[in-house]
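All remarks here apply to the structure that follows.
The values are calculated or read from the model by the stated rules, or taken from the named source; none is laboratory data. If you're wondering where the values come from, they're calculated on a predicted model, not measured in any experiment. Every residue, glycine among them, receives a Cβ derived from its backbone with ideal geometry; neighbour counts consider all protein chains shown. Side chains included, ligands, DNA and RNA excluded: accessible areas come from the protein's heavy atoms. Shrake-Rupley method; radii C 1.70, N 1.55, O 1.52, S 1.80 Å.
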Amino acid sequence: MENSLLVWLVGLLVALVGAPLLPGIINKVKAFFAGRRGPSVFQLYYDIFRLCHKASVYSKTTTWVFRLASVVVCATTICAMLLLPFAGCASPLFFTGDLILFLYLMGTGRFFTVLAALDTGSSFEGMGASRECQFAVLAEGALLAAFGALILLTKHLSLYGILNQMDMRFWSLDGTALLLVAAGFFVVILTECCRVPIDDPDTHLELTMIHEAMILDNSGVDLALIHYAASLKMWCLLLMEILLVCPRIPGSPWFALVGEVLCVLVGAVFVGVVESVIARFRFVKVPQIISAAMGASLLAIVLLSLFQK
Amino acid sequence: MSPFLTLKNGGSCSMSALPQCGMDEFRSASLQAVNQEQCRVSAFFALGNNCPQNTQKGECTKEVEKSLLVEILLDPQQKCLRVLSTEVCEKYPSLTAEAPAFHWFERELFEETGILPEGHPWLKPIRFADKNREPGVTDYFTMEGEAVHEVAVGPVHAGVIEPGHFRFQCMGEDVFSLEIELGYQHRGIEKMLVGGPDVRTTHILETAAGDTSVAAMLNYCGILEALCQIEVPARGVALRRIALELERIANHIGDLGALAGDVAFLPTSSFCGRIRGDFLNMTARLCGNRFGRGLVVPGGVRYELDKAGAEELLKKVQVGEKELQEALSLMFDEPTVLDRFENTGVVSTETARQIGLVGVAGRASGLAVDCRGDLSENGFVPAVEQGGDVLSRALVRRRELEASLAEVKGLLESLRGGESRSTAVLPTALPNDTLCVHLTEAWRGEICHVAITDGQGRFRRVKIVDPSFHNWFGLAMALRNQQISDFPICNKSFNLSYCGHDL
C-alpha cells in the first residue's frame with residue numbers, strides 16, 4: 001500500500017512537471033509536417049519562466065474577478081488531477097462518484113475564465129466567452145455520456161474504477177462500444193484543449209479565436225498560470241484516453257508508470273498529426289462534431305444496455 | 001452620337017481636345033455606359049479651376065471656383081478607354097444611387113474638393129477624418145436592438161499588416177453589416193507627384209503600393225513613353241513581362257499560403273511562404289531587388305539579363321513550379337479546407353458588376369474583367385470562376401499562377417538578343433496640357449494612372465486608381481450574412497492594399 005501511494009505521488013509529480021511538454025510536442029509535430037524546424041519542445045517552459053518574471057497589467061475596467069480567475073483555473077485543474085489514478089494506483093482521495101467532482105472542478109475553472117473574459121468588457125473576449133460556453137455545454141454532455149458508458153461497462157462509479165479496470169477483457173467483449181467511447185472522448189479532448197479543428201491555438205486573428213480570445217487581456221504570472229493549467233488539463237484528458245485504449249501492462253507499477261507517461265507523449269504526437277492534416281472547421285460545424293461525439297457515447301450506452309452479458 | 005472621346009491604352013489627348021458636355025448629358029452618357037454598355041469606371045476625379053476650359057461659359061452664375069470633372073471609362077467591348085468631362089461648381093446630382101460603381105469615387109471627390117454629390121446615400125470621407133471633429137471620430141453605420149452587438153477591429157491589428165478599421169454589426173456570430181474605415185496610410189502621394197516627373201517620382205510610384213511596384217512602374221513608364229513617343233525594344237518588353245508575371249506569381253502564392261494559414265492548414269501555409277520567397281528572389285536575380293524596384297525605366301529596363309542568367313531563372317522557375325503544384329494540391333485536395341472555402345464570402349455576379357469589382361475578386365464573381373484582354377485584341381482569355389466565394393478567388397489565383405508560370409517560361413525560352421532599353425533620351429519637359437491614361441493588369445487587378453501636364457510640361461495632376469480602391473467595398477458586401485469568424489479568410493481572399501487605397 002505504501003508503495004502504491006509512492007507511485008501515485010511520483011505519477012502526479014511527473015504530470016505536474018511534464019505537462020508543459022505536451023504543447024511543445026504538438027508544435028514540433030506540426031512544424032515537421034509543415035517542413036519547418038519549429039520551436040523547441042521546451043518552449044512552454046521558457047514562456048512560463050519568462051511570464052513569471054513579468055508584472056501583470058490590469059485593465060481599469062476589470063475587477064477582482066479578473067485577478068482571481070487565473071488562480072482559480074490553475075487550482076481547480078490541479079485539484080481535478082488529484083482525483084486521477086496514476087500507473088494503476090488509485091488516488092488517496094478517490095471516492096464513489098468522484099467523476100462528477102472531476103467534471104465540475106474543470107467546469108469551475110471554465111466558469112471563472114468566462115467571467116474574467118466578460119469582466120474585461122472587450123468585444124473579442126465577450127465573443128470568445130460566448131463561443132466557449134456554447135461548445136462547453138456540448139462537450140460536457142459528451143464527457144458525461146462517455147462516463148455513463150464506462151460506468152455501465154465497468155459497474156464502477158469512480159474515476160479509478162472506470163479507468164483502471166479497462167483491460168483486454170472489455171475490449172474483446174465490448175470492443176465496439178469502447179471504440180465509440182474512445183472516439184467521442186478524443187473529440188472532447190480536442191474541444192477542451194482548444195486544438196484544431198475546433199479552435200486554433202496558433203492564430204493571431206482575434207475574430208476566429210475561442211480560448212485565446214478570452215485570455216487576450218491576461219499577462220505576466222496570470223497568463224503563465226493559464227497556460228500551465230491548459231497543459232495540465234491536456235495531460236489529464238490524454239491520460240484518461242490512454243487508460244481507456246491501452247491495455248494494462250502487468251508487472252511493476254514503476255514500469256507501468258513509465259509506459260503510461262510514454263503513451264501520453266505519444267498521444268500528444270497523435271494530436272499533432274491530426275492538427276497537421278486537417279483544416280479548422282467552420283464554427284457552425286463545431287457543435288455538430290461535438291454532438292456527434294456525444295452521440296457516439298450514447299450509442300455505446302445503448303449497445304451496452306442491449307447486448308451486455 | 002456618343003459624347004465620349006475614345007483612347008487606346010496609353011493614349012493621350014490634348015486638354016483642349018477633351019470632350020466637355022453639360023451635366024445632364026454627362027450624367028446620362030455615364031449612366032448608360034456603365035449600366036448598359038458594360039463600361040467600368042477607371043477614374044473619376046476633379047481638376048482645379050486653372051484649366052483652359054474654365055474660360056468657357058458655364059452654367060454657374062455665382063462667383064465660385066469651377067472644377068472640371070473628368071471621367072475615364074474602360075469599354076471592354078470596343079477595347080478602348082472613353083474620356084468625358086463636365087464642369088461643376090459646388091455640387092452636382094450624385095451618380096452613385098443609379099450606378100454604385102461611382103460610390104467611392106464620389107466620396108473621394110467630396111473629401112478632396114468639397115464638391116457635393118447631391119443625393120449620395122452614404123457621403124462620408126474615405127481617407128480623412130472629418131475636419132470638424134477630433135481625429136478618428138466619424139459616423140458609423142449602426143444598428144439598434146438588444147441582440148445586436150458591435151465589434152470594432154483595428155486600426156492596429158495583431159500580426160504585421162497595414163492599418164485599417166473594421167466595424168461589424170453582428171447578431172451572435174452572424175454579421176449584418178461591415179463598415180471599412182481606411183486612410184491611415186495616406187501619404188499625399190498624388191500631391192507629391194505634382195510638378196514631376198523628377199527624381200522622386202519613380203520612388204514614390206514604386207512604393208504607392210509596395211507589393212505592386214513593377215505594375216505601377218509599367219503604368220508610369222507607359223505614360224512617359226506615350227507622351228514622348230519612345231518605342232520600347234522587344235527585348236525590353238519581354239523582360240518587363242517577366243518581371244510583371246514574377247510579381248503576380250509571388251503574390252498569388254503568398255495569398256494562397258495565407259488562406260491556408262487562416263484555416264490552420266499548416267503544410268501549404270509554410271510551403272507557400274517559402275516558395276513565394278524563391279520567386280521574389282528570382283525578381284531579385286533580374287534587378288537586385290525582391291520587389292522589382294529600379295527595374296522598369298522609361299524606354300525599357302535598366303538591367304540586362306544574360307544568357308546564363310536566363311537559363312538559371314528558367315531552371316528556378318521549373319523547380320518552383322513543381323514544388324508549388326505539390327503544395328497547392330495538398331490544399332485543394334483536402335476536403336476540410338474546401339469546406340471552409342466553399343460558399344464563404346459570396347459576392348454575386350450582379351453585385352460585383354454593380355459595384356465595379358476588378359481583378360481577381362471580379363473574375364471570381366463571374367466577371368471577365370481583365371485589362372490584359374479588355375484593352376487589346378490579343379485573344380487573351382481571363383481566368384473566370386462563377387462562385388464568387390473564397391474558393392473561387394483561390395481557384396482564380398491558382399489558374400492565373402499556371403498561366404503566368406507558362407508565360408514566364410515561354411518568355412525566358414524565347415528571349416532574343418538586342419537592346420533592352422531604348423536609346424532615346426527623355427526630353428526635359430513633356431508635351432504641354434496633355435492628358436494621358438495607362439492601365440496595367442497588376443496581380444490584384446487593374447491599376448489606372450492618369451497624368452495631366454500643365455503649360456510647362458510638368459505634371460499638373462497624376463491620378464492613381466489602385467484596384468483596391470474598386471474592391472474594398474466588395475469585401476464589405478462579401479461579409480453580409482456571413483459568420484464573423486470567417487472575416488479573416490474573406491479578407492485574405494481579397495487581399496487588398498491599404499496603402500494603394502490610401503495613397
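So the values come out like this:
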item: Accessible surface of the range B:189-502 [probe 1.4 Å, protein heavy atoms]: carbon and sulfur percent; result: 52 percent
item: Average Cα contact separation per residue, chain B, under 8 Å, 6 or more apart, as relative contact order %; result: 19 percent
item: Expected-Rg normalisation [2.2 N^0.38 Å, Cα atoms] applied to the range A:1-133; result: 1.30
item: Peptide-level mean, for A:277-289, of C-beta atoms on other protein chains within 10 Å; result: 5
item: Average accessible surface area per residue within the protein assembly as shown, 1.4 Å rolling probe, Å²; result: 40 Å²
item: Part-to-part distance (alpha-carbon centres) for the range B:461-503 and the range B:338-373, which is given in Å; result: 12 Å
item: Amide H partners (placed H, <5 Å) of B:THR138, local residues excluded; result: none
item: Mean Cβ count within 10 Å, highest first, over the residues of peptides A:277-290, B:288-301; result: B:288-301, A:277-290
item: Hydrodynamic radius by Kirkwood, which averages 1/r over all alpha carbon pairs of the protein assembly as shown, in angstrom; result: 29.8 Å
item: Most to least accessible of A:PHE32, B:PHE469 (protein chains only, probe 1.4 Å); result: A:PHE32, B:PHE469
item: Stokes-Einstein diffusion coefficient of the range B:78-182, Kirkwood radius over Cα pairs, 4 °C, 1.567 mPa s, in µm²/s; result: 80 µm²/s
item: Hydrodynamic radius (Kirkwood) for chain B, which is based on Cα pairs only, to one decimal in Å; result: 23.5 Å
item: Solvent-accessible surface (1.4 angstrom probe) belonging to A:CYS79, in square angstrom, nearest 10; result: 60 Å²
item: Chain pair A, B: total accessible area buried, heavy atoms, 1.4 Å probe, Å²; result: 2400 Å²
item: Charge sum, other residues only, whose C-beta stays under 14 Å from A:SER231's C-beta, Lys/Arg counted +1 and Asp/Glu -1; result: 0
item: Normalised contact order of the range B:101-215, rounded percent, pairs of Cα under 8 Å and 6 or more residues apart; result: 15 percent
item: Cα→Cβ-extended label distance, 7 Å offset, between A:SER56 and B:GLU407, nm; result: 5.7 nm
item: Whether the range A:35-84 is rounded, prolate or oblate, judged on the alpha carbon gyration tensor where a/c under 1.5 counts as rounded; result: oblate
item: Kirkwood Rh (inverse of mean 1/r, distinct Cα pairs), the range B:270-314, angstrom; result: 11.3 Å
item: Probe 1.4 Å, all protein chains present, accessible-area order of B:LYS191, B:LYS463, largest first; result: B:LYS191, B:LYS463
item: Carbon/sulfur fraction of accessible area - the range B:5-118, other protein chains in place, 1.4 Å, %; result: 45 percent
item: Local electrostatic count at B:ILE452 - Lys and Arg +1, Asp and Glu -1, tallied over other residues with Cβ under 9 Å; result: +1
item: Rg over Rh [alpha-carbon atoms, Kirkwood Rh] for the range B:5-118; result: 0.95
item: Sulfur and carbon atoms: percent of accessible area, the range A:105-251 [1.4 Å]; result: 68 percent
item: Whole-Å distance, taken between Cα centres, linking the range B:219-271 and the range A:133-164; result: 57 Å
item: Under the Karplus curve 6.51 cos²θ - 1.76 cosθ + 1.60, θ = phi - 60°, whole-Hz ³J(HN,Hα) for the range B:427-433, x wherever Gly or Pro sits; result: x, 5, 10, 7, x, 6, 6
item: 10 °C / 1.306 mPa s Stokes-Einstein diffusion coefficient of the range B:5-50, Kirkwood radius on C-alpha pairs, µm²/s; result: 127 µm²/s
item: Length added when fully stretched, B:HIS186-B:ALA424, from 0.36 nm per residue minus Cα-Cα; result: 82.1 nm
